[in-house]
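First the structure, in the form of structure tokens, and then the observations on it.
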Amino acid sequence: MGSSILIKNGHIIDPSQGIDGVGDILIEDGKIKEIKKIRSSEDKKKIKNEEILTSQPLNLLSPQLKIIDAAGLYVLPGLIDMHTHLREPGFEYKETIKTGTMAAVMGGFTALCCMPNTNPVNDNETVTEFILRRTYAEGACHVYPVGAITKGQTGEELAELGMMHDAGCVAFSDDGRPVMNGLIMRRALEYSRIFNVPIISHCEDLDLSESGVMNEGSLSTILGLKGIPSASEEVMVARDIILAGLTRGRLHIAHVSTAGSVELIRRAKNDGVDVTAETCPHYFSITEDAVKNYDTNAKVTPPLRTQRDVEAIKEGLRDGTIDVIATDHAPHHRDEKLQEFDRAPSGISGLETALGLSLRLVEEGILTISQLVEKMAINPARILGLNMATLKVGADADAVIMDINKEFKVESKKFASMGKNTPFDGWVLKGMPVLTICKGKVFDWMIDE
Amino acid sequence: MKDLVGIKELSKDVIELILNTALSFKDVLKRDIKKVPALRGKTVVNLFFEPSTRTRTSFELAEKRLSTDVLNFSVPTSSVVKGESLFDTVKTIEAYGVDYIVIRHSSSGVPHFIAGNVNASVINAGDGTNEHPTQALLDAFSIIEKKGSLDGLRIAIVGDILHSRVAKSNIYLLSMFGTNIRLIGPSTLIPDMRQYGVEVFYDMDEGLRDVDAIMMLRIQMERQGKGFFPSTQEYFKNWGLNMGRLKIAKRDAIVMHPGPMNRGVEIASDVADCPQSVILDQVTNGIAVRMAVMYLLSGIKDNG
Amino acid sequence: MPEMTKELLNKKDIERITSRIAHEIIEKNRGTENLCLVGIQRGGVHLAKRLSEKIRAVEHFDIPVGSLDIALYRDDLGIRKEHPAVRKTDIPWDITDKKIILVDDVLFTGRSIRAAMDALMDFGRPAQIQLAVLIDRGHRELPIRADYVGKNIPTSRLESIEVQLEEDGLEDKVLLQTKQ
């Protein structure tokens, strides 16, 4: 082997080691070999670039050394998306493990959790093993499967959680569908304690949602589209929090979209319930107004809500109520979205815009970059029990280099994902990943430009 | 203007232009020869994904009286489930070289979707629970015909407002013309439309006091048993229009209904046939208004 | 580019011309029997009413006056960006077997008259259609000529003729405008 990579002069942010300053990182054989902090961020302002460049570099022995000049750029631990739909097996026309993991890498992610709503459903170890095998063969990043809570995701009978856990599932969820039966949810929360893995709950009361396709409110009335009330989500968030309290199971609330849910989770955390929560970039970046012209690319479950909800979600991220920013990357084929609004499937292709949209929170002063790394890497790793999201010596060399000053135009046609379904097409985002290193492999797409 | 997708998208000026133009077309309809050559050589397709005899017939007559060539394309939504996509259907129809597409669909927003994907002029003949703009235009025309203007009138809209595209289009239109709008019906069927300055009444007797016009809406039998109201009997008792209730309104109040009526459910038979009823005038005016709309939408392909 | 405007006819001229045409109509038709006037919207309608008054002053007989809008009969609907406004058509009598004097302000290509005749035919079968115009500016594109002409004014296609009438709140005059 002997392949080495030296990332020079990047601004390294690694909350796991409390690093926030300019330095060099040496990678050898896919592992972090050495990390050398040269200056803290305060010192950096006083010292000219030349001095940094001429300061003593790391000990370099490898003959095949690749040097990456990261001056002026940030170097972070690789991001972890704990909510992705890879679609394989069964829906390879929407996305495959190959294209989905490539999209992840382009978005700055080095690991993702794939949801079980494939065909067949990932409700048994065979499917789990299939996913891992395909990942080994074609995956660009780490993939951690999430197994189904119930057989066939029908919400009726527990799936073989233990066998799937043994095969590599890191969490369980019926995502895409809620577990409507409270007793089944109770059992899932109880049983998953054995493996100490979280139950990721898609909170939605299907009776209250009925056939809704957007947020319920005056806009849904005006557009003549059937609304999904906030209560549809909040009723289930409340139920699951109460069940988590009852069972002392580990509950993770997926894709929080409403102010009411944020408040319920905040109170539960204060009460000591073992609950964590995620939201997605679209829930803090845009509102229901995005569906005004019946744009099916803005059709998503749960639906885009109001400005009040957006503000509450930002506050939840700021105060720590919401632990994680996940993508809920849900690629669909163009033909599926090119339909009647009622018939078009829900979902946003989110991997390649997540970091850019989340950096807006840094710009707004809601999160520091360090906190952003916690929401997009450290916390997901902690919740899922993954020993990653760190640039410690000896760890897998998973890192992302981003430029927070450069402006990027979102162009869905250039996505690595097969899903071009995004309401952010044409947006100009300040700050994007420019290079990702996963398991020591460098993905440097900016060179092609 | 290329398309008519909804009243929401129209300005007051354009609505006035359509209503004034419709007056001329109403004169044409009184002649022995009711056909004019205005749109000779143009092709219209009536693309109905939802069954409708009345609206389709009204459009077809309007189209024929403007000398267009008419193509009827009826697709029951159920068969579309297995068949080609809406996008393909529309592209195919455009390839026939049509100038106008009159579209009715059970999904809201379909006219907008089509208008954005074809060069032909798109006319919304009712989409989901969104809008039915030509119905609102013909209703306004009918009211003006009897009352002189819309300004300052008190108009009650009674029934299932929530699911009614007719009610919505009427609310958007009337609110632009200084009309006092009252929505009457069960609380489960009245959405929050305060931003349009409407008053809401759950008590019909109270709501009908001193109104100049009563627009009855068709109650969809399917809503029964879904928790919106317990039974048609209870509905008629509380929100059906009978002769006794009609007396609460102004003496010269007019009674309107977009059809088809459920006699004995939302409207008593004697009310439907009484002198105050303008239900049949609405049918006639529908043709004139639709002719005006088609005439005013330029059929020029590259007109954006 | 400067626009040149020249006054061709004033109030007095128009008054004399309408008087003369009224007399010509009576003379040619040997009275007023079976006559009716139909003005083309809009200028023609005003002129038709004026002619009717002049004829009454001489013959003491009220000739019926109708108005005709030709928008729906035009042959350029598919070419124009905007469809022309549809104005009132009001011919409240049966035109069959009547002698119709069609009245317009300016005779140009003849296409308006063609449209007007088509429109009239939809109302019935007149015995005769005659044409009276205030100005004939030439450039005919159809084989149409006027029976009564107020004034022949040779023009170029770049010029335009504007007829202003009191009924529209303006001073009676006819203007020739030249665009450079």
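The values are calculated or read from the model by the stated rules, or taken from the named source; none is laboratory data. Model, not experiment: these values are computed from the prediction. Note that each Cβ is placed from the backbone with ideal geometry, even for glycine, and that neighbours are counted across all protein chains shown. These accessible areas exclude ligands, DNA and RNA; they are computed on the full protein's heavy atoms, side chains included. Shrake-Rupley method; radii C 1.70, N 1.55, O 1.52, S 1.80 Å.
Tell me, what is the percent relative contact order of the range C:32-89, built from C-alpha pairs under 8 Å that lie six or more residues apart?
Once normalised by length, the contact order is 35 percent.
May I ask you to rank A:K413, B:K34 by accessible area, largest first, using a 1.4 Å probe over the protein chains only?
Per-residue accessible area, sorted high to low, gives A:K413, B:K34.
Which entries in the list B:K35/C:K54; B:K2/B:K168; B:K34/B:K91 go over 31 Å, if you measure between the two C-alpha atoms of each?
Cα-Cα > 31 Å for B:K35/C:K54; B:K34/B:K91; rest within.
Just in the range B:93-171: which chymotrypsin sites (Phe, Trp or Tyr not before Pro) are loop by DSSP and have at most 15 other Cβ atoms within 10 Å?
Of the chymotrypsin sites (Phe, Trp or Tyr not before Pro), the ones in loops of the range B:93-171 whose Cβ has at most 15 other Cβ atoms within 10 Å are B:Y96.
Collect residues whose amide H, placed 1.01 Å from N in the peptide plane, falls under 5 Å from the amide H of C:G66; neighbours closer than 5 in sequence don't count.
Sorted by chain and number, the residues that satisfy this are C:L37, C:V38, C:G39.
Given the DSSP H assignment, sum -39500 (n - 2.57) over each helix run of at least 4 residues in the protein assembly as shown and divide by its residue total; what's the result at 222 nm in deg cm²/dmol, nearest 500?
-9500 deg cm²/dmol
Of C:M121, A:M376, which has the most accessible area with a 1.4 Å probe, and how do the rest follow in descending order?
C:M121, A:M376
Against the longest alpha carbon principal axis of chain B, how many degrees, from 0 to 90 and to the nearest 10, is the axis of helix B:279-296 turned?
Result, in degrees: 30.
Pop out the ³J(HN,Hα) list for the range B:250-255 in order, Karplus 6.51 cos²θ - 1.76 cosθ + 1.60 with θ = phi - 60°, rounded to Hz; leave Gly and Pro as x.
Computed from phi, the couplings for the range B:250-255 are 4, 4, 9, 4, 9, 10 Hz.
If packing is taken as the average count of other Cβ atoms within 10 Å, what order do A:203-213, A:266-276 fall into, highest mean first?
Per-residue mean Cβ counts within 10 Å order the peptides as A:203-213, A:266-276.
How many nm separate the modelled label positions at B:S187 and A:E160, each set 7 Å beyond the Cα in the direction of the Cβ?
It is 5.3 nm.
Could you give me the ³J(HN,Hα) list for the range A:280-286, computed from phi with Karplus coefficients 6.51, -1.76, 1.60 and θ = phi - 60°, whole Hz, x at Gly and Pro?
With the stated coefficients, the range A:280-286 comes to 10, x, 5, 7, 10, 10, 9 Hz.
Under the rule of at least 5 residues apart or a separate chain, name every residue whose amide H is placed under 5 Å from the amide H of A:S3.
Counting only residues 5 or more places away or on other chains, the set is A:D29.
Using R₀ = 25 Å, calculate the FRET efficiency as 1/(1 + (r/R₀)^6) where r is the Cβ-Cβ separation of A:K441 and A:E411; round to 0.05.
Computed FRET efficiency for A:K441 and A:E411 comes out at 0.50.
Comparing the chain by itself with all protein chains present, which residues of the range A:214-228 are at least 30 Å² less accessible (probe 1.4 Å)?
Listed in order, they are A:S218, A:T221, A:I222, A:G224.
What distance in nm separates the two pseudo spin-label positions at A:K31 and A:N119, each 7 Å out from Cα along the beta-carbon direction?
Roughly 4.4 nm, to one decimal.
Express the accessible area of the range A:79-384 per residue in Å², computed with a 1.4 Å probe while the remaining protein chains stay in the model.
Heavy-atom accessible area per residue stands at 32 Å².
Can you pull out the buried accessible area for chains A and B, both sides counted, probe 1.4 Å, rounded to the nearest 100 Å²?
Protein heavy atoms only, the A-B interface buries about 1400 Å².
Could you go through the range A:90-97 in sequence order and give the Karplus-derived ³J(HN,Hα) for each residue, using 6.51 cos²θ - 1.76 cosθ + 1.60 with θ = phi - 60°, rounded to whole Hz, and x for Gly and Pro?
After applying 6.51 cos²θ - 1.76 cosθ + 1.60, I find x, 10, 5, 6, 8, 5, 10, 4 Hz.
In whole angstrom, how far apart do the alpha carbon centroids of the range A:348-385 and the range C:119-163 sit?
Spelled out, the Cα-based centre of one part sits 77 Å from the other.
Taking each residue in C:84-97, count the Cβ atoms of any other chain within 10 Å of its Cβ, then average. What number comes out?
Per residue, the average neighbour count from other chains is 3.
Can you tell me what share of the DSSP beta bridges in chain C is antiparallel? A percent to the nearest 5 is fine.
Bridges in chain C are about 40 percent antiparallel.
Take every DSSP beta bridge whose two residues both sit in chain A, then give the antiparallel share in percent to the nearest 5.
50 percent
Taking the Cα centroid of the range B:115-193 and of the range C:24-39, what is the distance between the two, rounded to the nearest whole Å?
51 Å
Which whole number gives the average count of other chain Cβ atoms within 10 Å of the Cβ atoms across peptide B:37-45?
3
How large is the dipole of the range B:133-282 about the Cα centre if only Lys and Arg carry +1 and Asp and Glu carry -1, each at its Cβ, rounded to the nearest 20 debye?
120 debye
Under 16 Å from a point placed 7 Å out from the Cα of A:I67 along the Cα-to-Cβ direction: which residues of the range A:1-20 have their backbone N that close?
A:4-10
For the ranges B:50-59, A:415-424, what's the packing order if you count other beta-carbon atoms within 10 Å of each residue, average per peptide, and put the highest first?
A:415-424, B:50-59
Round to the nearest 10 and report in Å² the accessible area of B:Y202, as given by a 1.4 Å probe over the protein chains' heavy atoms.
About 130 Å², rounded to the nearest 10.
Counting only DSSP beta bridges with both residues in the protein assembly as shown, what percent are antiparallel, rounded to the nearest 5?
Within the protein assembly as shown, antiparallel bridges account for around 35 percent of the total.
Can you pull the mean other chain C-beta count within 10 Å for peptide B:22-34?
The mean count of partner-chain Cβ atoms within 10 Å per residue comes to 3.
Amide H to amide H, which residues 5 or more places from C:L9 or on other chains are under 5 Å from it, using H placed in the peptide plane?
C:V174
Of all the accessible heavy-atom surface of chain A, with the other protein chains kept in place and a 1.4 Å probe, what percent is carbon and sulfur?
Summing carbon and sulfur atoms, their accessible area is 49 percent of the total for chain A.
What distance in nm separates the two pseudo spin-label positions at B:K35 and B:S269, each 7 Å out from Cα along the beta-carbon direction?
3.9 nm
Which value, in Å², gives the accessible area per residue of the range B:200-304 when a 1.4 Å probe is used on the protein heavy atoms?
44 Å²
Rounded to the nearest 0.05, what FRET efficiency do C:R125 and C:N34 give with R0 = 22 Å and r taken as the Cβ-Cβ distance? Could you check?
Using R0 = 22 Å, I get an efficiency of 0.95.
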